[in-house]
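See structure below.
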Amino acid sequence: MSTAALPALHPLLKDFLSRKTHKLLIDGAPADAASGQTFATLNPADGSLLGTVAEGGAADVDRAVAAARKALTGPWSELSPAQRERVLHKAADLLEARAEAFAQLEVLDNGKPIREAKNGDLPLAVGLLRYFAGWPTKIHGETTPVSVPYFPGAKFLHYTVREPVGVVGAIIPWNFPLLMAVERLAPALACGNAVVLKPAEQTPLSALWLGELLLEAGVPPGVVNVVPGFGPTAGAAIAGHMGVDKVTFTGSTEVGREVVKASAGNMKRVTMELGGKSPNIVFADADLEAAAKGIFMGIFYNQGQCCSAGSRVFIERPAYEKMLAALAERAKSVRQGDPMDPKTHMGPLVSAEQRNRVLSYIEKGKKEGAKLLSGGAPAEGPGYFVQPTVFGDVRDEMAIAREEIFGPVVAVMPFDTLDEAVARANSTDYGLVSAVWTKDVKKAHQMAQKIKAGTVWINCYHFVDAAAPWGGVKQSGYGREKGHWAIENYTAVKSVWVDLN
Ligand code: ADP
C-alpha cells in the first residue's frame, strides 16, 4: 500500500461533502424522503462514512414522476433545438471546469483510482454532453412517398416527426456512477425528455451533484429528478411506474429480467445493458506485448468492475505459456493503494459485499483446480481490496469461466484452432463485448463476423466513444446506448398524413 501524501480535496467538493446529509432532487429542489429514512454511503478505501443520503422510495418516485410529467409541458418544451444545444454545452463546460472535484468524488464514493476517474470517467462524461449537444438541431423526420391503392391518383403529403418519448426512468449501477448518469441524461435531454434517475445505492453522490449542475446549466426544474434509493424499492417503483414511458437500465441480467417484467404494466419501452463474460482472444501471430497490455487493461480496469471486462482470455497454444507468465508478472507489479493517490493503479472494490463475492469466486477457482498464478487474496488495509488475480489452465465448465465475477479475476485458457476459439467464445449466455488480437487481417475480420457480441475490438480493448453504439446481444441485453442509436431510443416516431386532394 502506498502512503504518499495525497492531493487536497477540491474546495467545491469539500463544500459539497460538508452537507453531510444529501437530499433527493425533485422538481429542482432538495427534498427529504417521504419516509424520512436515510442510508449511509461509505468510502470503500477505508470503510469510513462519506455521507448520509435520503432514501427514496415509491412515494418519492411518484413525486419525481409527477414533476417530470409536468416539466414535459413546461418551459422545457418551449426551448428551441438550438437552446437545448446551448444548455447541454453549458453543462459540458461546467462539468469540465469541475472535473477535478467530480473525479475526486467518484474516487471517494466508488474507490476507483483517481488516474482513471480523471483520464477516463470525466473526459468521457464531458464528451457525451458535447456529442449529444450537437443532436437537438439534427433530429428530424422524413417525407415519405405514400400510395393508397383504393384511391388511385390521390395525392397525400406524408411526413414523420420525432418526438420525445416522455418521462425516462434511468436505473444505473455503481461502477461508473457519473458516466452512466451522463450517458443516459445527455441523449434523453437532447431529445427533449424529462428524467427520473436512480443512481446505485453504493454510489449516489455524483448523480445528485450532477443534477444540481444541470439546473445551473439551465435545465428547468423537474426535467431531471434524482432519487437515490435501493433497487427493490426505488428501482422497482420506477420500473413499474405507469407514468414512466421508457426505462433505461444497466445492471445485472437477473435484475434486468425483473425490470422487463415490471415494464409490461404500461408497455414502457426498455433498453437493457446487462452482464457479460467477455472473451479476449489472442492468436500467436499477434503483437504479444500489446496483447498482454490489452488483456491486462481489459480485466483490471476499474478493478474488474466493468460489464465489459475481458474475463475469459483465450490464447493460442504456441503463445500460451509465455503470455500466462507475462500476465502473472504484470499482475504482481500492480500498485494497489489509496485510490486518491495519483500513483495508484488499483483501488478497492466498491463494497464489502462485492469484495466477499469476488473472494468466494477465487475460492471456487482454487477448489475447481484452476492454476493460481498471482493474487488470490484480499490485499492489506482496511478497505475492500482484492489483489489482481490471474488463473491459468481454466476449463470452460468452471464457475470462474462461466459466471460474471465483476472483479479483478481473469480466467486464462489455451486454444488450438480459430473455429474452436469461436465456439468456446460464443459458448456463453452473454454477448456484450469481445476482442481479437492478431496481425492477420483476414483472421481478424473472420472473427469479427463470427463472434456473437455487441462490440468486437480488434487489437485493442475498452475503447468507447459517444458516437459508437454500446449494448449487447443474448442475455447481455438489447437496445443500444450512444450515437444516433440512442436518439432512436429516446424519441418516438409520429406519422402525419395530409390529404391534398
Ligand atoms: P449490480 O450487480 O451491478 O449491483 P444490480 O442489477 O443489482 O447490479 O443493480 C443495478 C441497479 O439496479 C442499481 O441501481 C440497483 O439499485 C437497481 N436495482 C436492483 N434491484 C432492482 C429491482 N428489483 N428493480 C429495479 N431496480 C433494481
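Some notes on this structure:
- Looking across segment 415-442, the residues that are surrounded by 15 or more Cβ atoms within 10 Å (Cβ to Cβ) and more than 30 Å from the chain's Cα centre (by Cα) come down to F415, L418.
- Among the residues of segment 272-295, those that are within 24 Å of the chain's Cα centre (by Cα), more than 16 Å from the ligand (Cβ to nearest atom) and closer than 20 Å to D396 by Cα comprise P279, N280, I281, I295.
- Flag not set for E216, criterion: among the acidic types (D, E), within 15 Å of the ligand (Cβ to nearest atom) and either on the phi > 0 side of the Ramachandran plot or assigned by TED's automatic domain parsing to the domain that holds D60 (or both).
- Restricted to helices (runs of 4 or more DSSP H) entirely inside segment 383-501, no element has at least 3 residues that are in contact with a Gly (Cβ under 8 Å, 6 or more places away or on another chain).
- Residues within segment 210-228 that are surrounded by 24 or more Cβ atoms within 10 Å (Cβ to Cβ), over 18 Å from the mean Cα position of the chain (by Cα) and outside any loop (DSSP other than H, G, I, E, B), tallied: 3
- Selection from segment 330-354 of residues that are within 23 Å of V394 (Cα to Cα) and in contact (Cβ under 8 Å) with a residue 40 or more places away in the chain: A331, K332, V334, Q354
- In segment 333-382, the qualifying residues are those that are within 27 Å of A200 (Cβ to Cβ) and assigned to a strand (DSSP E or B), and the one that is farthest from the ligand (Cβ to nearest atom) is Q336.
- Considering W457, W485, the condition of being out of contact with any Leu (no Cβ under 8 Å at 6 or more places or on another chain), more than 30 Å from K439 (Cβ to Cβ) and not aliphatic (A, V, I, L, M) is satisfied by W485 alone.
- Note on segment 137-189: residues that are surrounded by 13 or more Cβ atoms within 10 Å (Cβ to Cβ) and not aliphatic (A, V, I, L, M) total 20.
- Residue within segment 202-209 that is in the same structural domain as G127 (by TED's automatic domain parsing), free of Cβ contacts under 8 Å to residues at least 12 places away in the same chain and surrounded by fewer than 24 Cβ atoms within 10 Å (Cβ to Cβ) present: no
- Inside segment 235-271, residues that are of a type in the set (D, E, K, R), away from the ligand (no atom under 12 Å from the Cβ) and part of a helix (DSSP H, G or I) make up a count of 0.
- Restricting the first member to segment 27-43 and to residues that are over 11 Å from D60 (Cα atoms) and in contact (Cβ under 8 Å) with a residue 12 or more places away in the chain, and the second to residues that are charged (D, E, K, R) and assigned to a loop (DSSP other than H, G, I, E, B), the beta-carbon pairs closer than 7 Å and six or more apart or on different chains are Q37/E55; T38/E55; F39/E55; F39/E201.
- Checking each residue in segment 171-193 for being among the aliphatic types (A, V, I, L, M) and near the ligand (Cβ under 10 Å from one of its atoms) picks out I171, I172, M180.
The values are calculated or read from the model by the stated rules, or taken from the named source; none is laboratory data. As the structure is a computational prediction, the values presented were derived from the model and not from experiment. In this analysis, Cβ positions are derived from the backbone assuming ideal geometry, glycine residues included, and neighbour counts consider all displayed protein chains.
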